[in-house]
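Written below as structure tokens is the structure these notes are about.
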Number of protein chains: 2
Amino acid sequence: MLNHHPRSLDPIFQALADPTRRGMVARLAQGPASVSELAEPFDMSLPAIVQHLQVLETSGLVASEKIGRVRTCRIEPQALLTARDWLESQRAAWEARFDRLDAYLAQLQAKEKKHGRKRKSRA
Amino acid sequence: MLNHHPRSLDPIFQALADPTRRGMVARLAQGPASVSELAEPFDMSLPAIVQHLQVLETSGLVASEKIGRVRTCRIEPQALLTARDWLESQRAAWEARFDRLDAYLAQLQAKEKKHGRKRKSRA
DNA sequence: CTGATACTTAAGCACATGCTTAACCATCAC
DNA sequence: GTGATGGTTAAGCATGTGCTTAAGTATCAG
């Protein structure tokens with residue numbers, strides 16, 4: 001059984017629930033960038049950008065390292081995978097139940113065609 | 001080119017950034033449920049549950065219909081897919097850049113050796 | 001050294017979020 | 001009708017979020 005409710009998903013989804021932070025993630029998916037490079041597309045003060053960056057780092061989606069006076073940020077793909085896998089497992093669960101329902105309905109119809117009386121008992 | 005920053009991702013990720021709401025999504029992935037059924041696993045007042053449900057509905061992750069006095073909720077798989085696909089596209093972008101970097105490094109190494117054989121550096 | 005660059009820290013503020021309790025409304029069973 | 005069931009609405013409150021400006025630190029360029 002998969003672990004469906006790890007608390008670590010909280011900060012990941014929280015971090016992704018903001019267009020500025022998603023923009024940063026998308027930028028970093030193309031390769032590492034400095035803080036100012038990350039800030040450039042956004043009409044926002046640098047402290048605001050740094051705060052977004054802290055949210056991303058705390059969530060584990062981004063890591064960074066300071067060399068000289070430049071902080072270089074890179075994406076942390078494992079956190080991305082953690083979120084994607086949770087979503088995928090939910091989708092898969094939904095589809096499995098959909099398929100079971102579908103099979104059940106097909107069976108119902110098949111039996112009705114033949115005899116119109118016999119029914120499977122399982123729900 | 002895919003549209004990477006639709007605003008509709010905001011409420012979806014926001015909705016998923018809470019363990020109670022993820023629990024409800026996981027429950028609904030197994031099949032429809034009433035409000036009280038959804039509330040049952042959580043140590044929380046019913047109005048709180050209904051508020052979480054509203055967040056899920058506004059995000060498009062869940063839909064519901066009231067029949068008699070019972071509101072039946074079901075998952076809305078398209079919203080789940082929207083979120084999953086964004087994550088997957090970021091992961092894919094990261095991997096593509098990783099592969100390009102890898103190829104570049106391999107090429108560098110080949111040139112350095114002048115006559116050296118090609119090597120895979122990503123075992 | 002001097003000044004510019006690249007952040008960093010601190011404080012403050014408006015608004016959003018996640019609960020609560022109390023009261024209310026609409027079925028359904030009898 | 002009465003009462004129980006399932007849900008809804010309203011109000012309030014503590015805490016969190018997303019910015020801002022102002023001021024500070026550390027490095028590099030000359």
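Observations on the structure shown:
- Filter result (facing another protein chain (nearest Cβ under 7 Å) and modelled with pLDDT of 95 or more) within the stretch A:1-17: A:L9, A:D10, A:F13, A:Q14, A:L16, A:A17
- A residue that is in a helix (DSSP H, G or I) and within 16 Å of DNA strand C (Cβ to nearest atom) can be found somewhere in the stretch B:58-66.
- Test result for A:G31, within 14 Å of DNA strand C (Cβ to nearest atom) and at positive phi: no
- A:A29 being touching a Phe, Trp or Tyr at 6+ places or on another chain (Cβ under 6 Å), away from DNA strand D (no atom under 11 Å from the Cβ) and at the interface with chain B (Cβ under 10 Å from one of its Cβ atoms): yes
- Under the condition of being more than 9 Å from DNA strand D (Cβ to nearest atom) and not acidic (D, E), the residues counted in the stretch A:47-71 number 11.
- In the stretch A:50-74, the residues that are over 14 Å from the mean Cα position of the chain (by Cα) and either charged (D, E, K, R) or within 12 Å of chain B (Cβ to nearest Cβ) (or both): A:V55, A:E57, A:V62, A:E65, A:K66, A:R69, A:R71, A:R74
Rundown of residues vs (1) buried (at least 16 other Cβ atoms within 10 Å of the Cβ); (2) under 24 Å from A:E88 (Cα atoms); (3) free of Cβ contacts under 8 Å to residues at least 40 places away in the same chain, yes/no style:
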{"site": "A:P11", "(1), (2), (3)": "yes, yes, no"}
{"site": "A:L16", "(1), (2), (3)": "yes, yes, no"}
{"site": "A:R22", "(1), (2), (3)": "yes, yes, yes"}
{"site": "A:A33", "(1), (2), (3)": "yes, no, no"}
{"site": "A:G60", "(1), (2), (3)": "yes, yes, no"}
{"site": "A:I67", "(1), (2), (3)": "no, no, yes"}
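- Boolean, B:W86 is more than 16 Å from DNA strand D (Cβ to nearest atom) and closer than 17 Å to A:Q14 by Cβ: yes
- Whichever residue in the stretch A:35-47 is farther than 15 Å from A:E76 by Cβ and in contact (Cβ under 8 Å) with a residue 12 or more places away in the chain and, among such residues, is nearest to DNA strand C (Cβ to nearest atom): A:V35
- Within this structure, A:R74 fails the test of being closer than 16 Å to B:S89 by Cβ, touching a strand residue (DSSP E or B) at 6+ places or on another chain (Cβ under 7 Å) and either at pLDDT below 95 or open to solvent by 10 Å² or more (accessible area, probe 1.4 Å) (or both).
- Test: residue in the stretch B:41-49 that is open to solvent by less than 40 Å² (accessible area, probe 1.4 Å), away from every other protein chain (no Cβ under 14 Å) and out of contact with any Gly (no Cβ under 9 Å at 6 or more places or on another chain): yes
- All positions within the stretch A:78-91 that are among the hydrophobic types (A, V, I, L, M, F, W, C) and either open to solvent by less than 20 Å² (accessible area, probe 1.4 Å) or at pLDDT below 95 (or both): A:A79, A:L80, A:A83, A:W86, A:L87
The values are calculated or read from the model by the stated rules, or taken from the named source; none is laboratory data. These numbers were taken from a predicted model, which means no experiment stands behind them. So basically every Cβ, Gly included, is an ideal-geometry build from the backbone, and we count neighbours across all protein chains shown. Heavy atoms of the whole protein, side chains included, go into the accessibility calculation; ligands, DNA and RNA do not. Shrake-Rupley method; radii C 1.70, N 1.55, O 1.52, S 1.80 Å.
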